[in-house]
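A short worksheet on the structure shown next.
Since every read-out is calculated from the coordinates, none of them should be taken as a lab result. Note that the structure is a prediction, hence the values are computed from the model and not measured. Here the Cβ positions follow ideal geometry from the backbone for every residue, glycine too, while neighbour counts run over all protein chains shown.
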Amino acid sequence: MKAQQYEAPDSIDKAVALLAAAKGQARVLAGGTDLLIQMRVGRLSADTIVDIKCIAELRKISREDGGFKIGAAVSGAEADEHAELVAHWPGVVEGWELIGSTQIQGRATLAGNLCNASPAADGVPALIAAGAQVTIVGPNGSRKVPVEAIPTGPGRNSLAKGEFVTYFHLPKRPPHSSDAYLRLIPRTEMDIAVVGCAVNLTLDAGGTCTAASVALGAVAPTVVKVPDGAKALIGTKLDAAALDKLAAAASAACKPIDDKRGTVVYRTKIAGVLARRAALIAYERARKRA
Ligand SMILES: Cc1cc2nc3c(=O)[nH]c(=O)nc-3n(C[C@H](O)[C@H](O)[C@H](O)COP(=O)(O)OP(=O)(O)OC[C@H]3O[C@@H](n4cnc5c(N)ncnc54)[C@H](O)[C@@H]3O)c2cc1C
């Protein structure tokens, strides 16, 4: 379980240098709510741990080009207290604040949720539906990529050696737009999603949907987008026929596993149910946003 070296740098540059210079396996620690548990059970090891929570600029949420820039060390509890972020991206915050208990919320970050690469990560579908991007830094400089480029399969991500996520970027919201995230778990809380679904919608002033994005978690090795479901909503006011098409497209997009939390048939059916419900919540929120 023990790492040989623990570092808590106070700048991004120092973190990059530490990761580049580390011998053996170096790992970033954000909240530690996945990493420490996986190290304790022997699933992951680390020779060097680089804790990013002491990097002040990664603990901030700020406005950027009309959207938001969220530091990789911000916790779910901090996001939930950011009234502007909640007003603009309620679905993104909803996914984040479903992660764990009050104690976990005080530590857990979206970056850890994303980089841990669980197919059932609750924070990820709404980020993907939002069209969010991440900044990655590393020994070769920095680059920006869409959130969906990070997880490549259960427990695997696309980051190169020495690279880490520094920021999330959420775009500017058009008027009459909003999002929602729903998940189904076997218990009332503190469990892993059987299915998670995020819907992000933009309407015109009359309430007709002009843009949509739908993303499902826990139904494939990585989050899947449902373009046919989004297409079914565009040009409608989310009438019954549009919602039926959305539900069918969501179910068709599933390639789930069969496990103790849900069979393939159950997960496939639930994906449609959640897509329909999340779309209606996003629609009502969007109608209320001038
Ligand atoms: C009791 C409990 C309940 C939980 N409930 C849920 C739940 O309901 N839904 C859910 O989705 N998850 C849940 N989790 C899992 C976990 O809390 C989340 O995945 C959380 O968001 C992880 O964030 P973290 O900051 O703690 O990540 P860490 O544990 O610090 O890191 C996780 C992984 O990502 C890497 N990493 C972290 N930050 C970065 C970065 N900036 N750049 C590159 N790599 C990075 C780490 O090296 C590590 O491999 C739960 C965990 C516990 C212990």
Inset, instruction - Could you name the lysines whose alpha carbon sits less than 18 Å from that of Lys53, not counting residues in the same chain fewer than 8 places away? - result: Lys14, Lys69
Legend entry - Distance from region 172-210 to region 250-290 (C-alpha centre basis), Å: 9 Å
Legend entry - Spacing of the two label points (7 Å from each Cα toward its C-beta) at Tyr6 and Arg59, in nm: 1.7 nm
Legend entry - Ranked packing of 120-132, 145-157, 49-61, 103-115, most packed first, by mean Cβ within 10 Å: 120-132, 103-115, 49-61, 145-157
Inset, instruction - Could you state the angle between the C-alpha long axis of helix 240-252 and the longest principal axis of the C-alpha atoms of the chain, as a value from 0 to 90 degrees rounded to the nearest 10? - result: 40 degrees
Inset, instruction - On a 0 to 90° scale, report how tilted helix 12-21 is relative to the longest principal axis of the chain, with both axes built from alpha carbons and the result rounded to the nearest 10. - result: 60 degrees
Legend entry - Gyration tensor (alpha-carbon) shape descriptor, region 176-290, a/c threshold 1.5: prolate
Inset, instruction - Would you mind checking the pairs Lys161/Lys225; Lys172/Lys288; Lys225/Lys260; Lys245/Lys269; Lys144/Lys172; Lys60/Lys225 and listing those with alpha carbons more than 19 angstrom apart? - result: Lys161/Lys225; Lys225/Lys260; Lys60/Lys225
Legend entry - Gain in span if fully extended, Lys172 to Lys260, counting 0.36 nm per residue against the direct Cα distance: 27.7 nm
Inset, instruction - List the trypsin sites (Lys or Arg not before Pro) within region 168-211 that fall in a DSSP loop (any state other than H, G, I, E or B) and whose Cβ has at most 13 other Cβ atoms within 10 Å. - result: Lys172, Arg187
Inset, instruction - For region 77-165, build the charge dipole from Cβ charges (+1 Lys, Arg; -1 Asp, Glu) around the Cα centre, then report which of Val134, Asn157, Leu98 sits farthest towards its positive end. - result: Asn157
Legend entry - Nitroxide proxy distance, nm - points 7 Å out along Cα→Cβ at Lys237 and Ala77: 4.4 nm
